[in-house]
Amino acid sequence: MSPQHNTLNKNKKAVLLLEDGTSFVGKGFGATGKISGEVVFSTSMVGYPEALTDPSYKGQVLTLTYPLIGNYGVPSNELNLGMPLYFESDHIQVQGLIIHELCREPYHWASTRTLDQWLTDEGVPGICGIDTRRLTKKLRTHGVMLGLLQVFDADEEPNLDGLLKNGKNIVDPNLTDLVKEVSVKKPVKYNVDGRLTVVLIDCGVKYSIIRNLLIRGINVVRVPYDTSASEAMAFNPDGVFLSNGPGDPKKCVKTIECIRELTEKVPLMGICLGAQILALSLGGDTYKLKFGHRAQNQPALDLNNGRCYITTQNHGYAIDLQSLKKTPLEPWFVNPNDKTIEGIQHKTKPVFAVQWHPEASPGPYDTEMLFDKFKKTLEAK
């Protein structure tokens, strides 16, 4: 195959403005227009198709620290088990994208279009040609910040004064109900004629999580985040799965109430936001991290055997360790870097959750065995 050539306009200017008034002027790609959100960073080297479609990034402007992005293009919408094989949802979830260098001529056998074209097609703006190292250091030092990103038309000059005025009125997406925006509106069934059935409470689930359940012969009923415990149990499930998702877990009031009841009835596994919601449902507490964990190389130490796993993570909130002392939950995994909780388990019931993504996509698959552990709890029910 020959390299794909990008015929889109290469002369658009773009500006990123942080809430403290810091500005970055670069080149625009993707869609023209202005967006706002929480500016975060990920140190992942690969996997931008999966990352950009991860619902956990809803409301965020994603910075990728790896210097060259787009070099293998964008894959097709090939389906597997009824879901896109190479994406984690049906469309791009991030508000905008920040990178250092954009590859305009990708070369890969599976590529169907450029990153620039994909963002343009989906109406998402991007900025390149800025010092992402400087931006990342700032976010690490001061914490994640709200920001405005505007991509201008080719013949338009940036109006920094106008942006500075708008920058004072950015709405924090974590104050809104982000989960409501990414959850399904009505139940969706994925049937593989298995003996086991799980109700998956969708707070912004990645397709790879559903796929990991299906390939283990588990039928999945995907229900909205605000489903009640009685509505979930009406499907007669063997267990419940609590998914990942965006934003502040304390906003998920109905989900917390639901999980509080369900932990008394069936086995349960949670991932990422699901771990935080489980902790809150049983009396624990959560807090916001300074700049979060977004990478494919975060360590998670098993407190039971001392084994350390390298994991994919994407979260901005964490479970408060001290708060677990008054709950039936106990720490299971911790992060050796900052001692934050990476996994919890119930002291007496088949209920557990991890803060990272064992399904990876992208990242290491070392902890996929957690899905096998969950299946065994269902079979033992």
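Each value in this text was obtained by applying a stated rule to the coordinates, not by laboratory testing. As the structure is a computational prediction, the values presented were derived from the model and not from experiment. Ideal geometry is used to build each Cβ from the backbone, glycine not excepted, and the neighbour counts take in all protein chains shown.
Around the Cα centre of the chain, unit charges on the Cβ atoms of Lys, Arg, Asp and Glu (plus for the first two, minus for the last two) sum to a dipole of about 700 debye. When you filter the GluC sites (Glu not before Pro) in region 198-279 for DSSP loop state and at most 14 other Cβ atoms inside 10 Å of their Cβ, you are left with E264.
Highest mean packing comes first when the peptides 321-334, 126-139 are listed by Cβ atoms within 10 Å, giving 126-139, 321-334. Pairs of Cα atoms nearer than 8 Å and 6+ residues apart set the relative contact order; for region 178-379 it is 18 percent.
Over 16 Å, how big is the tail of the calculated P(r) for region 229-272, in percent of all Cα pairs? Percentage above 16 Å: 35. For a straight C-alpha distance cut-off of 16 angstrom, the aspartates and glutamates reachable from K58 (same-chain residues fewer than eight places away being disregarded) are E38, E50, E88, D90, E122, D172, D177, E181, D202, D248. For region 178-379, a simple Cβ point-charge model (Lys and Arg +1, Asp and Glu -1, everything else neutral) yields a dipole of about 180 debye relative to the Cα centre. Candidates P237, V179, M83 compared by Cα position along the dipole of the chain: farthest toward the positive end lies P237, with charges placed on Cβ. Let a ≥ b ≥ c be the square roots of the eigenvalues of the Cα gyration tensor of region 138-186; is it rounded (a/c under 1.5), or, if not, prolate (a/b larger than b/c) or oblate? It is oblate, given that a/c is not under 1.5 and a/b is not larger than b/c. Helix-only arithmetic for the chain: the sum of -39500 (n - 2.57) across DSSP H runs with n ≥ 4, divided by the residue total, places the mean residue ellipticity at 222 nm at -5500 deg cm²/dmol. For the pair Y365 and M45, the difference between a 0.36 nm per residue extended length and the Cα-Cα distance amounts to 113.6 nm.
Considering only A318, P350, L160, the residue lying farthest towards the positive end of the dipole of the chain is P350, judged by Cα position with unit charges set on Cβ. Once a ≥ b ≥ c are taken as the square roots of the eigenvalues of the Cα gyration tensor of region 178-379, is the result rounded (a/c under 1.5), prolate (a/b larger than b/c) or oblate (a/b not larger than b/c)? Rounded. Note on the chain: Cα Rg divided by 2.2 N^0.38 Å, N the number of residues, gives 0.99. Each Cα pair under 8 Å and six or more residues apart adds its separation to the average, and for the chain the resulting relative contact order is 16 percent.
Magnitude of the charge dipole for region 13-175, about its Cα centre and with charges confined to Cβ atoms of Lys, Arg (+1) and Asp, Glu (-1), is about 540 debye.
Taking the number of Cβ atoms within 10 Å of each Cβ as an exposure proxy, the fewest-first ranking of C272, C308 is C308, C272.
For region 42-201, state the average projected area of the convex hull of the C-alpha atoms over all orientations, rounded to one decimal in nm².
If you wrap the Cα atoms of region 42-201 in a convex hull and average its projections, you get 12.4 nm².
Net charge in the neighbourhood of N191 (other residues with Cβ under 15 Å of its Cβ; Lys, Arg +1, Asp, Glu -1) is +3. Selection among A14, Y66, V25 by position relative to the dipole of the chain gives Y66 as farthest towards the positive end (Cβ unit charges, Cα centre). Each of E231 and N166 was given a label point 7 Å from its Cα along the Cα-to-Cβ line. The distance between the two points is 3.7 nm. The value of relative contact order for region 13-175, using C-alpha pairs under 8 Å at least six residues apart, is 37 percent.
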